[in-house]
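J.: Input: one structure, supplied below.
The values are calculated or read from the model by the stated rules, or taken from the named source; none is laboratory data. What you see is a predicted model; the values in this text were computed from it and never measured. Because the Cβ atoms are built from the backbone with ideal geometry, glycine has one as well, and the counts that use them run over all protein chains shown.
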């Protein structure tokens with residue numbers, strides 16, 4: 001079977017995901033592929049999509065001498081182990097039954113929606129014996145404005161908990177902005193992690209390769225948890241450093257030059273409404289409230305959500321139509337908001353600058369015709385062409401009986417919260 005991870009892109013590079021306010025995620029099997037390509041030791045494994053394929057993959061691993069196989073659900077959420085979607089198996093039949101369970105049940109964890117996530121892919125890989133576990137990652141430190149290596153001897157657990165309860169157990173090494181991670185920095189980290197002998201050089205090699213990969217693929221997070229040290233063997237008398245789990249996320253503003261990375265995007269793991277919005281150039285994030293928001297400008301959108309919460313309401317989304325959206329795009333924004341069954345009211349808050357208020361007004365009327373407003377609609381408009389916009393809405397008031405005009409943002413928030421109470 002060799003030492004390579006079977007890799008299968010999840011989406012066509014002709015249609016890569018793009019949303020300027022979104023971080024692109026990939027599956028663990030894809031992250032392991034990137035690590036293996038970079039020369040970082042990774043246990044052999046394969047991504048499968050059926051119980052038969054899982055059985056065949058496990059059989060190949062056992063034939064090559066493995067004593068244990070790990071079966072792991074491939075979803076964009078953590079907490080898989082506690083949810084029962086990471087299992088160690090000793091036989092081919094166990095691998096098959098485990099795969100059957102995972103493919104026929106939704107995974108529910110603290111990091112998934114209440115209804116859980118459907119499992120469509122499974123990683124079947126060799127399970128290695130572990131002597132010690134470490135945490136290793138590279139991410140962007142916004143406060144330092146540079147890439148930073150993060151390491152800890154407390155691997156295999158939730159690093160957020162370690163950082164909160166034992167901050168001294170976390171090592172942070174900022175990169176030089178031009179030279180990147182220096183070998184002496186990696187060696188210092190390896191020694192502080194308690195590694196000795198030849199494992200120091202192994203760990204340094206892993207860190208340097210990870211740093212090179214981070215820059216090459218325009219990542220904003222490369223995480224190995226755990227990075228493990230195996231017991232000694234004839235090939236590795238001091239043990240071997242290996243990556244047995246991996247997580248990678250990327251700056252999707254760089255996908256235009258990262259064709260291989262873009263091809264890994266799995267649309268099935270993303271919110272359908274967010275994907276729909278991205279196609280129309282809209283910045284949309286689904287939330288768990290009941291008041292839909294349509295706003296221009298990210299700062300104003302966040303302020304709008306805050307003031308809704310201040311008045312006792314719960315926003316159902318973040319939606320920034322930007323300054324140059326067409327009437328058709330704004331109409332699609334209303335369609336996206338109203339397609340959410342949890343939305344019981346909509347607040348439109350526009351401060352017209354580049355985005356002209358009359359364009360929003362015409363989009364509201366158009367949405368009333370094509371989509372229909374069956375829930376309360378509160379509109380607050382100020383700025384460019386606001387008088388023309390108000391005339392358009394006033395003329396269409398009979399067609400939109402659920403619409404109410406607000407004098408200012410506080411009035412708008414109060415009206416919509418009262419309307420859905």
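J.: From the list 165, 230, pick out the single residue that is buried (at least 19 other Cβ atoms within 10 Å of the Cβ) and assigned by TED's automatic domain parsing to the domain that holds residue 33. Before the answer, list the steps.
T.: On the way: 165 fails: buried (at least 19 other Cβ atoms within 10 Å of the Cβ).
Exactly one residue qualifies, and that residue is 230.
J.: Given the condition without any contact (Cβ under 8 Å) to a residue 12 or more places away in the chain and outside the structural domain of residue 189 (by TED's automatic domain parsing), answer yes or no: does some residue in the stretch 115-133 qualify? Spell out how you get there, then give the answer.
T.: Of the residues in the stretch 115-133, the ones without any contact (Cβ under 8 Å) to a residue 12 or more places away in the chain are 115-116.
Imposing the further condition that a residue be outside the structural domain of residue 189 (by TED's automatic domain parsing) reduces the set to 115-116.
Checking the stretch 115-133: at least one residue is without any contact (Cβ under 8 Å) to a residue 12 or more places away in the chain and outside the structural domain of residue 189 (by TED's automatic domain parsing).
J.: Moving on. Can you work out which of the residues in the stretch 263-280 that are in a loop (DSSP other than H, G, I, E, B) and touching a helix residue (DSSP H, G or I) at 6+ places or on another chain (Cβ under 6 Å) is surrounded by the fewest Cβ atoms within 10 Å (Cβ to Cβ)? Spell out the reasoning first.
T.: To start, the set of residues in the stretch 263-280 that are in a loop (DSSP other than H, G, I, E, B) comprises 263-266, 270-271, 280.
Of the ones still in play, those that are also touching a helix residue (DSSP H, G or I) at 6+ places or on another chain (Cβ under 6 Å) are 264, 280.
Values: 264: 26, 280: 18.
Restricting to residues being in a loop (DSSP other than H, G, I, E, B) and touching a helix residue (DSSP H, G or I) at 6+ places or on another chain (Cβ under 6 Å), the top hit is 280.
J.: Evaluate the following for residue 24: is it outside the structural domain of residue 254 (by TED's automatic domain parsing) and at pLDDT below 95? Steps first, answer last, please.
T.: Values: outside the structural domain of residue 254 (by TED's automatic domain parsing): no; at pLDDT below 95: yes.
Answer is no for this residue.
J.: Where the second residue is part of a helix (DSSP H, G or I) and surrounded by 11 or more Cβ atoms within 10 Å (Cβ to Cβ) and the first is on the phi > 0 side of the Ramachandran plot and at pLDDT below 95 and lies in the stretch 173-202, which pairs have Cβ atoms under 7 Å and are six or more apart or on separate chains?
T.: 180/211; 180/215
J.: Here's something else I'd like to know. Looking at 406, 395, 419, which is the one that is modelled with pLDDT of 90 or more, over 35 Å from the mean Cα position of the chain (by Cα) and farther than 20 Å from residue 302 by Cα?
T.: Numbers: 406 fails: farther than 20 Å from residue 302 by Cα; 419 fails: over 35 Å from the mean Cα position of the chain (by Cα).
When all the criteria are applied, what remains is 395.
J.: Within the stretch 81-94, take every residue that is more than 24 Å from residue 271 (Cβ to Cβ) and in a loop (DSSP other than H, G, I, E, B) and give me the one that is nearest to the chain's Cα centre (by Cα). If you could, list the steps in order and put the result at the bottom.
T.: To start, the set of residues in the stretch 81-94 that are more than 24 Å from residue 271 (Cβ to Cβ) comprises 81, 84, 86-94.
Subset that is in a loop (DSSP other than H, G, I, E, B): 81, 84, 90-91.
Working: 81: 19, 84: 21, 90: 32, 91: 34 Å.
Per the stated criteria, the residue is 81.
J.: Which residue is farthest from the chain's Cα centre (by Cα), if the candidates are limited to the stretch 366-391 and must be assigned to a helix (DSSP H, G or I) and crowded, with 19+ Cβ neighbours inside 10 Å? Write out each step before concluding.
T.: The initial filter retains those residues of the stretch 366-391 that are assigned to a helix (DSSP H, G or I), namely 366-370, 386-391.
Now restrict to residues that are crowded, with 19+ Cβ neighbours inside 10 Å: 367-368, 389.
On the way: 367: 31, 368: 34, 389: 38 Å.
Within the stretch 366-391, the match that is farthest from the chain's Cα centre (by Cα) is 389.
J.: So which residues in the stretch 273-300 are within 15 Å of residue 330 (Cα to Cα) and at pLDDT 85 or above?
T.: The initial filter retains those residues of the stretch 273-300 that are within 15 Å of residue 330 (Cα to Cα), namely 273-274, 276-284, 292-297.
Scanning the stretch 273-300 gives 282, 283, 284, 292, 293, 294, 295, 296, 297.
J.: Could you please tell me which pairs satisfy a Cβ distance under 8 Å, a separation of 6+ or placement on different chains, a first residue in the stretch 239-255 that is assigned to a helix (DSSP H, G or I), and a second residue that is crowded, with 23+ Cβ neighbours inside 10 Å?
T.: Here the result reads 252/24; 255/24; 255/261; 255/262, each pair linking the stretch 239-255 to a residue that is crowded, with 23+ Cβ neighbours inside 10 Å.
J.: Let me ask another. Please indicate, with yes or no, whether at least one residue in the stretch 310-321 is at pLDDT below 90 and either in a strand (DSSP E or B) or farther than 28 Å from residue 76 by Cα (or both).
T.: No - not one qualifying residue is present in the stretch 310-321.
J.: Kindly evaluate residue 196 against the criterion of being in the same structural domain as residue 250 (by TED's automatic domain parsing) and more than 24 Å from residue 36 (Cβ to Cβ). Let's see the steps before the verdict.
T.: On the way: in the same structural domain as residue 250 (by TED's automatic domain parsing): yes; more than 24 Å from residue 36 (Cβ to Cβ): yes.
Here the answer is yes, as residue 196 does meet what is asked.
J.: Which ones in the stretch 75-96 are crowded, with 17+ Cβ neighbours inside 10 Å, touching a residue at least 24 places away in the same chain (Cβ under 8 Å) and out of contact with any helix residue (DSSP H, G or I) (no Cβ under 6 Å at 6 or more places or on another chain)? Break it down into steps so the answer makes sense when it comes.
T.: Of all residues in the stretch 75-96, those crowded, with 17+ Cβ neighbours inside 10 Å come to 75-77, 80, 83, 85-87, 89, 92, 95-96.
Next, only the ones that are touching a residue at least 24 places away in the same chain (Cβ under 8 Å) stay: 75-77, 80, 83, 85, 89, 92, 95-96.
Hits for the stretch 75-96 are 75, 77, 80, 83.
J.: Going through the stretch 241-262 one residue at a time, which ones are surrounded by 19 or more Cβ atoms within 10 Å (Cβ to Cβ) and out of contact with any helix residue (DSSP H, G or I) (no Cβ under 6 Å at 6 or more places or on another chain)? Even if it seems obvious, please write down each step before you answer.
T.: Of the residues in the stretch 241-262, the ones surrounded by 19 or more Cβ atoms within 10 Å (Cβ to Cβ) are 241-246, 248, 250, 252, 255, 258, 261-262.
Within the stretch 241-262, 242, 244, 245, 252, 258, 261 meet the criteria.
J.: Name the strands (runs of 3 or more DSSP E) wholly inside the stretch 95-208 in which the number of residues that are within 20 Å of the chain's Cα centre (by Cα) is 1 or more.
T.: Values: elements: 122-126, 132-141, 146-152, 170-174.
Output list reads 122-126, 132-141, 146-152.
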